[in-house]
Amino acid sequence: MITKDIVRPSLQELSGRKFDVIVIGGGITGAGVAQDSASRGLSTLLVEKGDFASGTSSKSTKLIHGGLRYLQNFQFGVVLESVRERQVQLKLAPHMVHSLPFVIPAYGKNWFNNRKWELGLWVYDCMAGLSGNRFHKRISRQEVIDLCPGIRQEGLVGGLLYYDCRTDDARHTLEVIKSACEHGCVAVNYARVSSLVRENGRVVGVELIDESPTASGAVARVCGRVVVNATGVWTQKTAELGGGKASVAVSPAKGVHITLAPERLPIKSAMLIPTGADGRFCFAVPWYDSIIVGTTDTPYNGDLDRIATEEEEVEYILAAVNEQFPQARVTSADVTGKFAGLRPLIRDAKAKGTTKVSRKHTLEHSRDGLVTIAGGKLTTYRPMAKETVDLVVKILNRSGRFCGPCITGELMLGGWASDIVRPAFVKALQKRAAALGLGDKTVETLERMYGQRACSLIQMAMSDRSLAEPLVEGHTYIKAQLVYAVESEAALTLEDALSRRIRLAITDSQGARQIAESASQTMARLLGWTEELRKAQVEAFLAGLDC
Ligand code: FAD
């Protein structure tokens, strides 16, 4: 029997119910607000029009970081909040948030005379204070070559090494939603808010449409004492539903990433790669069994629900890689995956170019009562949520025994309890997994993705040994993960399972393509799909891989 981490109710079950707080948007911002709200004791509903994290929150560079580049634009407040939060996230999600060395290569004899980078890193590290993060240092030419084999050596004089953190953005969002659910939040994916319900000019609830693959188009009206708009780049559209006026303007900025196989870019640490004449740089980050490289940063005026990766965007990233690694000669044929996302930047008419726009968030309580939280970063979702729920509590006029203080800084993600010692847990898991013929690498993957909940997957495979079989050749994923995604993590489409619960579609789109058919058969069995729906799912998934 699998424990359901997220129980999705039908819209009929929701219809007519009343919550203290309705949060619209199941990205990291909405997830954080729902977690904070529910854990303070407020009855909370989280609704998402697609899958959880299907918006920007699965398309980031996957860094929990201060944002070194924001120092260039003097965004000290954003950096300070972010480096502090980085340390909190290391504590709360130890399985998922990992500290990682980053190399900044130095070219030309005079590179170290221009102290811009070193000064920036001093400020960066000092802002983190005595929080335990390792201090940056200079490294030799040979050390750079060892960490970044194949790097252009002509003019290379050494480099700088600093530390930041990496996570899995979509799974991180899911973990925060699971934590919200543990505190009583009701979380529903594929429930689009079609209208904001207003009475006497005040927002008092939402109308929902069920857009899940098997939905009959069911609708529901749900009441909320406070409604929070956490819809990222859709912020204005949401505020205007039902005839409202948006008080926050968001300018979407597009960012594209590609993934490469480690054999094609065999870096042993993360690194910064200059992108050429525009003076920007890309990150190259080892992530699962791939290397993520990106990102671009351009204004976007297109369809928010259909963001395609253009050929020239991929070429821009490949050119930067080839300039830095002349022997690599990577081409579009080497690209194993790609994804495009939209940064929800708060509109700033004065900023020259999207790179210069502040990553600060904004919180608004508009005349009609709608609370809007927008902007910010994946890294800062928790302080953003705290600020939002502090406002909600004020609006509800609740305090003391009716509503507790913010406790999200203590809520471990991944099912960890304070008395579990992680290394001992992993050892015990390896022992149990060995009995199923599963190697340490598989256990490492499972622990990294599910934390303490990796136990449940091993348990599933013990009850049904076929679930211990590899999901796809050449990777450490096992079949139990697909079943778990559906049964416990509310995956309702093939894309939910293979793009966000398991990140195969972006690390190895070819591998995802290979198993689309068999995975769809498993999901059809578990979710009661008709043959027609199963085929449509495969078709939609494969089409999405090409975007
Ligand atoms: P979203 O994740 O987009 O969530 C909004 C949700 O609202 C969507 O899922 C959408 O479907 C839903 N929605 C919209 N309308 C409705 C409706 N009517 N009814 C119900 N639901 C609705 N930050 C970092 O900290 N580190 C990084 O490394 C980093 N890299 C980035 C790289 C790129 C290329 C980009 C684009 C962003 C990056 N960011 C990074 C920023 C970070 O990803 C975003 O700030 C964050 O994910 C935004 O989350 P959100 O919840 O506000 O928006």
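Observations, loosely collected:
- The distance linking the stretch 156-218 with the stretch 438-475 is 26 Å (Cα centroid to Cα centroid, whole angstrom).
- Summary of packing: across the peptides 491-498, 94-101, 469-476, 220-227, the per-residue average of other C-beta atoms within 10 Å ranks them, highest first, as 491-498, 220-227, 94-101, 469-476.
- Distance from the stretch 264-333 to the stretch 73-120 (C-alpha centre basis), Å: 19
- Three-way shape label, the stretch 474-539, alpha-carbon gyration tensor, a/c 1.5: oblate
- The stretch 94-153 shape via C-alpha gyration tensor axes, a/c threshold 1.5: oblate
- Cα gyration tensor, the stretch 251-310 - rounded (a/c under 1.5), prolate or oblate: oblate
- Taking 0.36 nm per residue of separation and subtracting the Cα-Cα distance, full extension of the segment from ALA333 to GLU444 would add 37.0 nm.
- Cross-link pairs beyond the 25 Å C-alpha cut-off, checked among LYS62/LYS91; LYS268/LYS338; LYS116/LYS360; LYS4/LYS49; LYS49/LYS479: LYS49/LYS479
- Summing charges over neighbours of ILE515, with a neighbour being any other residue whose Cβ is under 12 Å away from its Cβ, gives -2 when K and R count +1 and D and E count -1.
- Put simply, the amide H of VAL197, placed in the peptide plane, has neighbours under 5 Å in VAL204, GLY205, VAL206, GLU207, leaving out anything fewer than 5 places away on its chain.
- For GLY409, neighbours were defined as the other residues whose beta-carbon sits under 9 Å from its Cβ, and their charges (Lys and Arg +1, Asp and Glu -1) total +2.
- About the centre of its Cα atoms, the chain shows a dipole size close to 1620 debye [charges on the beta carbon of Lys, Arg (+1) and Asp, Glu (-1) only; nearest 20 debye].
- Of all lysines in the structure, those lying under 24 Å Cα to Cα from LYS109, and not within fewer than 8 positions of it along the same chain, are LYS137.
- Extreme residue, positive dipole direction of the stretch 350-480, given options PRO470, ILE395, ALA417 (C-beta unit charges): ILE395
- Between LYS338 and THR259, the built amide H atoms are under 5 Å apart, and every one of these is 5 or more places off in sequence or on another chain.
- Bridge type composition, the chain - antiparallel percent by DSSP, nearest 5: 80
- Compared with the direct C-alpha span, the chain from GLU154 to GLU364 gains 70.4 nm at full extension, assuming 0.36 nm per residue.
- Taking a sphere under 13 Å around the Cβ of ASP303 and counting the other residues whose Cβ falls inside, with K and R at +1 and D and E at -1, yields a net charge of +2.
- Most to least packed among 375-386, 534-545, 416-427, 436-447 [average Cβ atoms within 10 Å]: 375-386, 436-447, 534-545, 416-427
- Full-stretch length increase - ASN322, TRP122 - with 0.36 nm per residue and alpha-carbon distance subtracted: 69.0 nm
- Taking amide H as placed 1.01 Å from N in the peptide plane, the amide H of VAL250 sits under 5 Å from that of GLN236, ARG347, each at least 5 places away or on another chain.
- Modelled spin labels at SER466 and GLU207, positioned 7 Å past Cα toward Cβ, are 4.6 nm from each other.
Only the coordinates and a few stated rules stand behind these numbers; no lab work does. None of the values given here were measured: they were computed from a predicted structure. Cβ sites come from the backbone with ideal geometry, for glycine too, and all protein chains shown count toward neighbours.
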